[in-house]
Each structure stands twice: as C-alpha cells, then as structure tokens.
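Taking it in order: structure first as structure tokens, then the write-up.
The values are calculated or read from the model by the stated rules, or taken from the named source; none is laboratory data. Treat the numbers as computed from the prediction; the structure is a model and nothing was measured. Because the Cβ atoms are built from the backbone with ideal geometry, glycine has one as well, and the counts that use them run over all protein chains shown.
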C-alpha cells in the first residue's frame, strides 16, 4: 500500500464533508496543507475569539507499549492529551493535524485501529481532523498531534493568573492513570500484587519488559469483570484504573465553565498534581497549600494501593496523565462554581488555597491522634523526560 | 537540566516579544497551549483571509543522519519543509509549533544547535515559534513541526485546479538535493565518485553506514572550496548540491506571485517532480506532458552526474526534497508571469503542458539524430515511505 492509499485506509470517510464544513474546514487531508475559515465569515467560528494551539507527542516504549495500550487507545490518548491542553486554556478544541512515524510492525490493520481510537476521541470532542504527515520509522511508532481551538478574545486562562488568597481545585480524581499503568505492567509481568489468579495466568507467559502483541490478555477480562461475585467489584475497580490510563476524559466542559465563572489560572494534570501546582506557583509567584485530607482519594485507587502495598498518594501527587484540570479561583466565586458543577454532574474538588510567596507547594497534614497540623513541602517533580 | 530549563536553553530570547506581537502572538512557549490573535483586531493579520496548516516530521536515519546533516541543518530543514507546504498553497507562513523526541545522545549543545538552525529559518521566513512539546526518545531524534499560514480567502492554490491546455512550470532547479545527498553519503563512505582526494581522506576512516559525529569533515572544505584553482569550481558546484540538500529555499515569494497572477495548481517538490506531477494529474483529472529538453539541468548537477557516472535525470524526476514549486497556469498568463519573475530575479522554468486525460505524466524525448519525438511514460514513484 502506498502512502496515499494508507492514509485513505486510515482516515477515509471518517468525518463527512458537511460535518467538517460546520467546523470551518475548506480543504482537509490530501493537499500540501489544510485550509480553514476561522474568521467567522460563514458561521462565526472565530469572530471575536482567539486561537489556541497545542502539540503533544507519544513515543512507543516511552509513553506506551503494547503491554499497556491497545492501538485504539494510543490513537485516542494522543488526541485526548491535546484536547486537555486546549481545555486548560478554557478553550474549545477545533482542528487536528496528525503526524505518524510508522514502523513495519504496524501494518494497515494496526494503523487503522489506531485511527479508530483517534477518530473516536475526535467525535467525542467535536474535533475535525484536517491533515497530517506520514513517514516510516525504523523501530518504534511516534505519533504527534497538533490541535487548534478557540477561546473568547482575551479570556484564555493562563498559568500565571493566580492571586494570593484564592481557592485551589481539581476537576476530577488524580492518580488513577498512574495506578492503572502500574497494574497493567504488573499484569504483563505476571507478578506483583496485580491481577487475579486468572489474569496472572493469562499474562503468565509474558516476561516483564517483553511487549505483548496486544494488552488484551487480561484486559478484556478486567473490563468485563465477569468472574465470581466476590471478584466483580475488584474487577470494576481495576477497570476504572485501566480506563483512566488508556482513555482519559479531558475536562473541556469544566474548562468552559471555569472560564465563564472567572477562574484565575488553569493547568492540565499531565505530569502530576505536584508538577502542575509548581508550574502555577512559579508562573503566578505565590505558594499553593494543599490539604492532604481534601485530596480526592478515589475508592478504586485506595483499594489497589492496599492490594499492591503502595501509598496511593505517590500516584496522586506525582503520577500524571490524569488530564483533569488543576486551577485557582477567588474564594467568593467558589460557592457559585460548586453549584454549577453539581448541577451539571461534574466533579469539583476544593483541595487548598493560595498564599503569598515564597514560591512553592506544600501539603497540610493533620495528625490523626492529636489533630495537630504541619506543612510538608511537596517536591517539584513529576514525570520528567529529562530527569 | 529539566524540561523547562532545556526548553529555555533551546528557545529562550530568540524572538522578541515585540516581534512575536506583530505576528499576533498573545502567549508563546510555556503554557498548556499558545494563544494567537489572527482575527485582525490589531494589525489585520487574518482579516478576510483563511488559515492554512501543515505538519512535517523528520526521523533520524530515515530523513537525515549525522553523515548528511549537521544539527543546525536538521532544525533548519524541519521548518523549511513546512514553509514549502504553505508556499504551495500560495500562503504566507506565520506560526510554528515544534515537537521533539530527544535521545540521550543529543545533549543540550546539540539541541541548541538544532534550534539555532530552526530559528535561522524562522527569521528568514518571518515565522513566530509559539509552542511545542519535548519528550525523550530511546534511540533516535524525531522532530515534527506544525506551521500555520494565511492566504486570501478562497484563493488557496490547490492541487486539483489544473485545466487542460495550460503551461506547466517549476520555480527552481530540481534534483540538486538528491545529488547532494548522494555526494554526502559517498563521501561519508569514503568511496564512490565523490570527493576530492583530500575530502576522501577526511572521510576515509568512516565506514559506509556508520554515523559521524558531524558531517563537518569534508563539508566545510566543500563549502569553502579553497584548494587549488582547478578544484575551486568543482568545490563550488558540489557545495551547491550539498546546500540544496541541507538548506532548501522554499519558494514563498514565488508562491505569492503565482497566486496573484492566477496560477491554477501548485505542489511543492518534496517527493520528486514525477510524484508531484502525478498528484496534480490525479487531483485535476488530466495529463501532464513534460518536455525533456525543457527540464532545468543545473550545471552543478550535470557535472556531478558525469563524475559519478549517473544520469542526473533520475535525481531530477525522482529525487525529491527540492522544495521548489511545480504548478500549472493558463498559457495566456505565462508571458506576464515570466516578466514578473525576471524582474524579481526569481527562476521560472516552463517545462511542459497539460492535456485532456487519460490521467498520467509523460516526458517528450526528442531524438538528437532524427529530431523525432516520442512520449515516454513517467513512473508514478518518488520517495515512498511505504514502498
């Protein structure tokens, strides 16, 4: 199959011309460049709006492996990571360009599945895929997605807008993605605390570090959780962790609501709460103080932590890839926002406050015995690609 | 160096805030996404224009190696390839996002040099670098650049606009990049017809296929061409081929002139004249007939072909990465365009014409003896990443 035939096989007839036109697309995949009308000439896509742009790259065996992600998941997550960046500006995602470097081991059907997942995410968030680039890669898949979006002129929510005395919030649970990854790797390795006996058996012939053709052994079982009654609940908990890792749900709607209600800063949790909190602290020149007892400890996470004899707080603070939003907002707006989120059925966790510098991030820990509180510094680390 | 420090080291203080503001940049490198004002609120950047978008990826040891490209060249060319895509729409390049997957072998200084080249290209074409992504890569560098641009609403020049009975043109010489690559590889291998005795000696301890730290051995000598009088000319010719490969000059100005004068189709020569001609033929549903004697045979190319005992036509038709424009225009506009290009000192080669289908590309060859002409089919091939 030549390059054009491949692209058609992966992308052809996925989004109708009409659907794309409603998103300002004049010329999509297949020319030197895509062309879009964003001046609002037709239906006011841009009008008095600004454009926001983000790019995110996933490298095989760095960000994913066949042990941890099916091909569909890779495509889905590559776009979702960008959607999350646009959400963190308070924006609405619009146009995507997809660049893939493809090794021989990815035949037409694997790439087709990858695009299945990517288009599934595109449909969910209303994103028009308008172009891209395909090249060969000697050994590993590299997928790079660029996403544009729009935001009301002058309203884009930056990292640098937090002020002292505001509330700090999260728009969803954190740590699940990292725990899901831990679980998937433990299963693939066949050992650790992970997996039922059956799951371990299914993954049993796979050595740690060896890449399975697909992560389906164990995975489907896990999603379905259809063993005995006693195991169903565990299966469901674990499925939630795996889903958080493989199919993140960026907080686009939450970002829009937060922009409307005047939140002062936003960051998406790609590298972990600690790392994102530090970014806001540094960009805004203040201190973020998080309350340990307010951090949203998800049941599935807690349960898996117990099983694996690991402290889930490590995943919550330093795990990353949760793709929820961490942000700040004036305290007098909190009640209003709390109500709106409740009405829309969206999670909203108040986890701390901002204080005058020195710049930093702290965690307030309350002693269970004495009720005394002490502030623990939160390390400025996360998943660092250059560490 | 952590990720932020690295990014600052590579990109910091390269383009002033003022320079970026003049290009509509509201928020550049350092947040979740970049933000731009392209609605023309400030200085009419977009106004009644459309946006065009392209992405291009270069993979180490697929598109380049240390034998053939210095780090600066990699950065320069990664952006230039995209500039060429925007030129092929008749557009003006505007904003770039740069995503790099970086192996350990690329330390801060190598990456800095890569960005030196990238920013050199950005300055040359007025491109604001507004964002990107950095990840680690286990083994090879992958650089993916996304570029936006603007074009007058409804005027973007597509592949599909050619009509029968038009002239076919090129905006520059072709085949030089492929010949330059051949020369660089031959030199790095220390054999072949390439290189003076001294150049061969400089590259002599490098085995074919082995990657040199930099392509500087032989290269600088080549650029300078400062040996004896007899060798100077050869050195200059070869330098032209090497420069064509390492530092392509996309035809942005030519694309703008062609749009103004109503050319009907454009393609940039990234995969070779044959491949690009086939794309126009298929998209427009007609036949492109190129005249062999009109193909611009550059002196440096001719000379190197003789030295290497290779037919330069192979490079001209199937070489690729020349990043000039191939296009079509009504014959009654040719004289006007010819004059404008001459006035501006830009090359313009009329190389054939379009005819009613069947869809295809042919080469008219004239017999030197008899003067008889015959039409040879031009194969639909080029550098195919999936061949």
When region A:302-323 is examined, which residues are found to be over 22 Å from residue A:366 (Cβ atoms) and in a helix (DSSP H, G or I)?
A:303, A:304, A:307, A:308
Helices (runs of 4 or more DSSP H) contained entirely in region A:184-278, each with at least 1 residues that are at pLDDT 50 or above and farther than 22 Å from residue A:120 by Cβ
A:229-246, A:252-260
The listed residue being in contact (Cβ under 8 Å) with a residue 60 or more places away in the chain, within 11 Å of chain A (Cβ to nearest Cβ), touching a helix residue (DSSP H, G or I) at 6+ places or on another chain (Cβ under 6 Å) and in a helix (DSSP H, G or I), out of B:74, B:83
B:83
When region A:61-82 is checked residue by residue, the ones that are at pLDDT below 95 and in contact with a strand residue (DSSP E or B) (Cβ under 8 Å, 6 or more places away or on another chain) are A:62, A:63, A:64
Just one of A:38, A:29 is assigned by TED's automatic domain parsing to the domain that holds residue A:118, modelled with pLDDT of 70 or more, part of a loop (DSSP other than H, G, I, E, B) and more than 24 Å from residue B:100 (Cβ to Cβ); which is it?
A:29
If you take the residues of region B:93-122 that are out of contact with any helix residue (DSSP H, G or I) (no Cβ under 7 Å at 6 or more places or on another chain) and touching a residue at least 60 places away in the same chain (Cβ under 8 Å), which of them is farthest from residue B:265 (Cα to Cα)?
B:119
If we ask which residues in region A:245-275 are under 14 Å from residue A:80 (Cβ atoms), surrounded by fewer than 24 Cβ atoms within 10 Å (Cβ to Cβ) and either more than 18 Å from the chain's Cα centre (by Cα) or within 13 Å of chain B (Cβ to nearest Cβ) (or both), their number turns out to be 2
Among the residues in region A:109-120, are any more than 9 Å from chain B (Cβ to nearest Cβ) and assigned to a loop (DSSP other than H, G, I, E, B)?
no
Options A:139, A:133: the member that is buried (at least 22 other Cβ atoms within 10 Å of the Cβ) and either more than 23 Å from the chain's Cα centre (by Cα) or not in a helix (DSSP H, G or I) (or both)
A:133
Testing residue B:338 on (1) outside any helix (DSSP H, G or I); (2) over 22 Å from residue B:84 (Cβ atoms), one condition comes back false. Which one is that?
(1)
Of the listed residues (A:363, A:326), the one being part of a strand (DSSP E or B) and within 14 Å of another protein chain (Cβ to nearest Cβ) is A:326
When the residues of region B:86-105 are narrowed to those that are assigned to a strand (DSSP E or B) and farther than 21 Å from residue B:25 by Cα, which ends up nearest to the other protein chains (Cβ to nearest Cβ)?
B:101
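This table checks each residue for (1) assigned to a strand (DSSP E or B); (2) surrounded by 15 or more Cβ atoms within 10 Å (Cβ to Cβ).
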residue: B:300; (1), (2): no, yes
residue: B:342; (1), (2): no, no
residue: B:375; (1), (2): yes, no
residue: B:381; (1), (2): no, yes
